[in-house]
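Below is one structure, written out as structure tokens; the observations come after it.
The values are calculated or read from the model by the stated rules, or taken from the named source; none is laboratory data. The structure displayed is predicted, hence computed values, not measured ones. Cβ placement follows ideal geometry from the backbone for every residue including glycine, while neighbour counts extend to all protein chains displayed. All accessible areas refer to the heavy atoms of the entire protein, side chains included, with ligands and DNA or RNA removed. Shrake-Rupley method; radii C 1.70, N 1.55, O 1.52, S 1.80 Å.
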Amino acid sequence: MPTLKETPSAREQELLERAYEYSLGHGLADLSLRPLATAIGSSPRVLLFLFGSKDGLIRALLARARTDELDLLRQIDSRYDEPPGLTVVARELWTWLAAPERRPLMAFWVEAYGRSLVVPDGPWADYGRSTVEDWLELLKASEPDAAEARRTGVLAMLRGALIDLLATGDLERTTAAVDAYLRD
């Protein structure tokens with residue numbers, strides 16, 4: 001649960017969106033409430049009141065990032081009346097993941113995913129596993145008869161190519177690698 005309340009207030013939603021935009025540019029690892037609050041026009045006290053704790057705010061930010069991810073998955077899924085196939089969906093996913101305007105979100109995702117592996121408790125708990133399940137479900141829906149190992153391989157290839165792209169900025173090389181993998 002991202003917040004302490006059932007229905008977030010308009011102010012809470014506004015501050016969450018501002019904090020999300022801030023965290024896309026600054027990351028979460030060294031998130032400090034004071035600079036964040038200043039940057040988004042709030043105070044640490046207000047953030048603590050709205051989100052309960054720094055961990056509560058991080059959980060809300062992770063949930064917000066996951067909302068973007070799930071929206072993508074729903075958009076791709078809704079374009080097709082019938083399952084389009086694993087290769088088609090993987091190419092669409094790569095195009096979306098590799099778009100320059102998504103680099104901050106993808107860097108955020110890599111950071112959160114990595115933190116969920118090394119700090120499995122607290123606000124990061126379950127983030128990595130949840131995203132794996134979400135993406136595997138989409139890949140399964142795209143081609144229900146594809147073997148689980150093939151879907152897992154496509155997911156691993158996309159994530160590996162994404163990490164490489166974020167590290168090097170080499171879109172041409174990473175896209176060629178994705179294309180080569182999907183041709184096999």
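Report the FRET efficiency, 1/(1 + (r/R0)^6), for R18 and D126, where r is their Cβ-Cβ distance and R0 is 25 Å, rounded to 0.05.
On the way: r = 25 Å, r/R0 = 1.01.
Computed FRET efficiency for R18 and D126: 0.50.
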Quiz prompt | Karplus 3J(HN,Hα) series, Hz, for segment 90-101 with 6.51 cos²θ - 1.76 cosθ + 1.60 (x for Gly, Pro) | solution = 4, 5, 5, 4, 4, 4, 5, 4, 7, 4, x, 5
Quiz item: For segment 72-80, in order, what is each residue's ³J(HN,Hα) by Karplus, 6.51 cos²θ - 1.76 cosθ + 1.60 with θ = phi - 60°, in whole Hz (x at glycine and Pro)?
Solution: 4, 4, 5, 4, 5, 4, 6, 6, 10
Exercise. Over segment 61-184, with every protein chain in place, what whole percent of the accessible area is carbon and sulfur at 1.4 Å, could you tell me?
Key: 54
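As an exercise, use a Förster radius of 41 Å and the Cβ-Cβ distance of A141 and S53 to find the FRET efficiency, rounded to the nearest 0.05. Could the numbers behind the result be given before it?
On the way: r = 37 Å, r/R0 = 0.89.
Calculated transfer efficiency: 0.65.
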Self-check item: I163 versus D77: modelled label distance in nm, points set 7 Å from Cα along the beta carbon direction
Solution: 2.6
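Can you run the Rg to Rh ratio on segment 113-153? Use alpha carbon positions and the Kirkwood inverse-distance Rh. Don't jump to the answer; show the numbers that get you there.
Values: Rg = 12.6 Å, Rh = 11.1 Å.
Ratio of gyration radius to Kirkwood radius: 1.13.
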Quiz item: Which ³J(HN,Hα) values in Hz, rounded to whole numbers, follow from the phi angles of segment 114-127 under the Karplus curve 6.51 cos²θ - 1.76 cosθ + 1.60, where θ = phi - 60° and Gly and Pro get x?
Solution: x, 4, 5, 7, 9, 10, x, 9, x, x, 7, 3, 6, 4
Exercise. Give the dimensionless ratio obtained when the Cα radius of gyration of the chain is divided by 2.2 N^0.38 Å.
Key: 1.11
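Dipole magnitude of segment 38-128 about its Cα centre, charges +1 at Lys/Arg Cβ and -1 at Asp/Glu Cβ only, in debye to the nearest 20? Display every interim value, and only then the final one.
Values: 11 positive and 12 negative charges, 83 e Å.
Taking the Cα centre of segment 38-128 as origin, the dipole is about 400 debye.
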Quiz item: What spacing in nm lies between the two simple spin-label points modelled at R183 and H26, each 7 Å away from Cα in the Cβ direction?
Solution: 4.5
Practice problem: Provide, for q = 0.13, 0.24 Å⁻¹, the log10 of I(q)/I(0) from a solvent-free Debye sum over equal Cα point scatterers in segment 71-155. | Solution: -0.47, -1.20
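Heavy-atom accessible area per residue, the chain, 1.4 Å probe: how many Å²? Mind dumping the intermediate values first?
Numbers: 9680 Å² over 184 residues.
I get 53 Å² per residue for this part.
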Practice problem: Find how many whole Å separate the alpha carbon centroid of segment 45-101 from the alpha carbon centroid of segment 107-184. | Solution: 13
